[in-house]
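Each remark here refers to the structure printed beneath this line.
The values are calculated or read from the model by the stated rules, or taken from the named source; none is laboratory data. It should be emphasised that the depicted structure is a prediction, and the values quoted were computed from it without experimental measurement. Note: ideal-geometry Cβ built from the backbone for every residue, glycine included; neighbour counts use all protein chains shown. Quick note on the areas: whole protein, heavy atoms, side chains included, nothing else; ligands and nucleic acids left out. Shrake-Rupley method; radii C 1.70, N 1.55, O 1.52, S 1.80 Å.
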Amino acid sequence: MTGGAGFIGSNFVRFWLARHASDEVVNYDLLTYAGDRWSLADVEQNVGDRYRFEQGDIADASSVRRELEAHRPDVIVNFAAESHNSRAVLDPAAFARTNVLGTQVLLHEAKRAGVGRFHHISTCEVYGDLPLESSEAFTEASPYRPRTPYNASKAAADLVVRAFHETFGFPVTISNCSNNYGPFQFPEKVIPLFTTNALEDRPLPLYRQSQHRREWLHVDDHCRAIEAILERGRIGETYNVGSGDERSVEQIADAVLAELGKPRELKTYVEDRPGHDRRYLLDHSKITTELGWRPETPFAEGLASTVAWYVANRAWWAPKKRSIPDETAWVAPSITAAS
Ligand SMILES: NC(=O)c1ccc[n+]([C@@H]2O[C@H](COP(=O)([O-])OP(=O)(O)OC[C@H]3O[C@@H](n4cnc5c(N)ncnc54)[C@H](O)[C@@H]3O)[C@@H](O)[C@H]2O)c1
């Protein structure tokens, strides 16, 4: 697995090892600001030789080749990415490098090493956005219309993955997932940002267009979806993974404040990020019909347990708060020099 020291990857490593007792996992991760090896400290202590951490860059061909030769994996799941839209506005080149070039390098080396299966983790954001009042939902056949540098880099990576299947017959699958939430998410993302700011009695920054909505899926449901695709998915196929549960940013802020018993006055309104998408909604009927997967965690339950995790794990998130980008950086005149 690549990117297993990040939010979804670390949840997936723990999930997979608990459910697949004879499997071994190698976690290949560059440890950027978003990666924390100690998110898996319990796994390092408890599963012995079944888990290995290797630090490296998916865009570094010789490093990838060395690790593939050393470990000979049957399957690669590619979580590694630059993942934060706000950072992509300030430094788009980093996103093209890791998300596009890195995926290309990984595919090339995986094919060369004869890896039997490559699953690529992608996002609903490749499809572009929807009007707030639309009844449309994106299917796997919807055209790619990315609007931000992050979305564009993920869309480009998906196309490279598909090309390796069409051109070389390489055994790939792709999942495009909606917004995830849960434990171990870097506190720059909206639910942990709001939760940790509220815990510190600091303002919660909402973009002025605070009615913009996202479809929320608990990370455990995402892990089960990836497992279903790895076990039963058809090679060459893409699967949308969503919950159908949409919430506006305003509703998220209110729910977090209510959960923590903090005042609504902590909400503050800041300029929208350029290119901020209005809304995404996925039609996930394909994975439900074909693979029998469906979301299981109700939002209220998942949010309560996530907020409780941040309350109990201040030592994990407090140092990370120092490297959160300023959500108003794009209104400053120095925007072009900000990277
Ligand atoms: N978080 C979401 O809501 C969401 C939704 C849909 C899809 N996704 C996708 O899921 C994947 C994981 O997202 P996340 O939220 O866990 O991200 P994250 O930012 O928390 O973690 C990314 C991980 O990748 C590692 N990494 C970055 N560049 C690397 C490189 N060049 N080589 C090796 N490792 C590198 C980082 O160190 C980090 O551990 C991404 O591909 C993202 O696009 C995320």
| task | Tell me, please, whether a residue that is hydrophobic (A, V, I, L, M, F, W, C), in contact (Cβ under 8 Å) with a residue 12 or more places away in the chain and either out of contact with any strand residue (DSSP E or B) (no Cβ under 8 Å at 6 or more places or on another chain) or open to solvent by 30 Å² or more (accessible area, probe 1.4 Å) (or both) can be found in segment 261-280. | result | no
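Which is open to solvent by 10 Å² or more (accessible area, probe 1.4 Å) and more than 23 Å from GLU24 (Cα to Cα), of ARG87, ARG66? Lay out the reasoning, then the answer.
On the way: ARG66 fails: more than 23 Å from GLU24 (Cα to Cα).
Unique residue meeting the criteria: ARG87.
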| query | Which condition number does PHE118 fail, the rest of (1) more than 11 Å from the ligand (Cβ to nearest atom); (2) open to solvent by less than 30 Å² (accessible area, probe 1.4 Å); (3) assigned to a loop (DSSP other than H, G, I, E, B) being met? | reply | (3)
| Positions within segment 272-290 being under 21 Å from the mean Cα position of the chain (by Cα), part of a loop (DSSP other than H, G, I, E, B) and of a type outside the set (Phe, Trp, Tyr), in sequence order | ARG273, PRO274, GLY275, HIS276, ASP277, ARG278, ARG279, LEU281, ASP283, HIS284
| message | Of all residues being open to solvent by 30 Å² or more (accessible area, probe 1.4 Å) and assigned to a strand (DSSP E or B) in segment 161-206, which is nearest to VAL249 (Cα to Cα)? Just the residue, please. | response | PRO205
| task | Would you confirm whether any residue within segment 52-59 is within 15 Å of the ligand (Cβ to nearest atom), buried (at least 22 other Cβ atoms within 10 Å of the Cβ) and more than 18 Å from ASN240 (Cα to Cα)? | result | yes
| Does ASP158 satisfy the condition of being acidic (Asp, Glu) and open to solvent by less than 10 Å² (accessible area, probe 1.4 Å)? | yes
| Which one of the conditions (1) basic (Lys, Arg); (2) without any contact (Cβ under 8 Å) to a residue 12 or more places away in the chain; (3) touching a strand residue (DSSP E or B) at 6+ places or on another chain (Cβ under 8 Å) does ARG208 fail to meet, given that it meets all the rest? | (2)
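Working only within segment 101-115, note down all residues that are within 11 Å of the ligand (Cβ to nearest atom) and either among the hydrophobic types (A, V, I, L, M, F, W, C) or in contact with a helix residue (DSSP H, G or I) (Cβ under 7 Å, 6 or more places away or on another chain) (or both). If you could, list the steps in order and put the result at the bottom.
Here is the first cut: in segment 101-115, the ones within 11 Å of the ligand (Cβ to nearest atom) are 101-103, 105-106.
Result: LEU101, THR103, VAL105, LEU106.
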| note | Taking segment 124-143 and keeping only residues that are buried (at least 23 other Cβ atoms within 10 Å of the Cβ) and either in a strand (DSSP E or B) or more than 16 Å from the ligand (Cβ to nearest atom) (or both), one is left with PHE138
| said: Filter segment 1-44 down to the residues that are within 13 Å of the ligand (Cβ to nearest atom), open to solvent by 40 Å² or more (accessible area, probe 1.4 Å) and among the acidic types (Asp, Glu) and list them by number. | reply: none
| query | Taking only pairs six or more apart or across chains, which ones have beta-carbon atoms under 8 Å, a first residue in segment 174-190 that is charged (D, E, K, R) and within 7 Å of the ligand (Cβ to nearest atom), and a second residue that is open to solvent by 20 Å² or more (accessible area, probe 1.4 Å) and assigned to a helix (DSSP H, G or I)? | reply | LYS189/PHE7
| Within segment 210-248, how many residues turn out to be within 24 Å of GLU327 (Cβ to Cβ), within 14 Å of the ligand (Cβ to nearest atom) and not in a strand (DSSP E or B)? | 1
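Quick check on ILE76: is it within 20 Å of THR32 (Cβ to Cβ), crowded, with 16+ Cβ neighbours inside 10 Å, near the ligand (Cβ under 9 Å from one of its atoms) and of a type in the set (Val, Ile, Thr)? I'd like the intermediate steps shown before the answer.
Working: within 20 Å of THR32 (Cβ to Cβ): yes; crowded, with 16+ Cβ neighbours inside 10 Å: yes; near the ligand (Cβ under 9 Å from one of its atoms): no; of a type in the set (Val, Ile, Thr): yes.
Here the answer is no, as ILE76 does not meet what is asked.
Take the residues in segment 289-312 that are open to solvent by 50 Å² or more (accessible area, probe 1.4 Å) and not small (Gly, Ala, Ser); name whichever of them is nearest to LEU193 (Cα to Cα).
At the first step, the residues of segment 289-312 found to be open to solvent by 50 Å² or more (accessible area, probe 1.4 Å) are 289-290, 292, 294, 296, 298, 300-301, 305, 308, 311-312.
From the residues that got through so far, the ones that are not small (Gly, Ala, Ser) too are 289-290, 294, 296, 298, 301, 311.
Working: THR289: 35, GLU290: 36, ARG294: 28, GLU296: 24, PRO298: 21, GLU301: 19, VAL311: 12 Å.
Top of the filtered list is VAL311.
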